[in-house]
Amino acid sequence: MYELYCMWMDEHHRGVEVVKKSYYNKVFNTRFNLGFAPVKMDTCNTCNRLGASIMKLSGDESRSDELESVREELAKHKALNEAGQAVLTAIDKGNKVLPTP
């Protein structure tokens, strides 16, 4: 957003010095109650269910085989999800396949 501010200043107030990025961020964060942070990722119902099962089974050593099975299922689920996300990011709105990193 700072870059947009700089472009706006250049277009509308040519010759006026722009403020430093640190000052811009300080004003933006304190006066507008907004901040800059990475987006938090949601989890799906399967991840939530398996995570809860792991928490429940973690305290019971007699069910260690079941715990390991649930952990493996969660790992497989996450791997499939990551693979699916890679495919989704490779396809744009025109359904053209784009290279992914």
Stretched out fully, how many nm does the piece from Val18 to Glu82 gain, at 0.36 nm a residue minus the Cα gap? 18.9 nm
Kindly put Arg14, Arg49 in sequence by how many other C-beta atoms sit within 10 Å of each C-beta, fewest to most. Arg14, Arg49
Which of Leu80, Leu67 has the fewest Cβ neighbours within 10 Å, and the rest in rising order: Leu80, Leu67
Neighbour counts of other C-beta atoms within 10 Å: give me Thr46, Thr30 arranged from fewest to most. Thr30, Thr46
Work out how much length Glu61 to Asn29 would gain on full extension: take 0.36 nm times their residue separation and subtract the Cα-Cα distance, in nm to one decimal. 6.7 nm
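Every read-out reported here was derived from the displayed coordinates using simple, explicitly stated rules and does not represent laboratory data. What you see is a predicted model, and the numbers here were worked out from it, not measured in a lab. Reconstructed Cβ throughout: ideal geometry from the backbone, glycine too, with neighbour counts over all protein chains shown.
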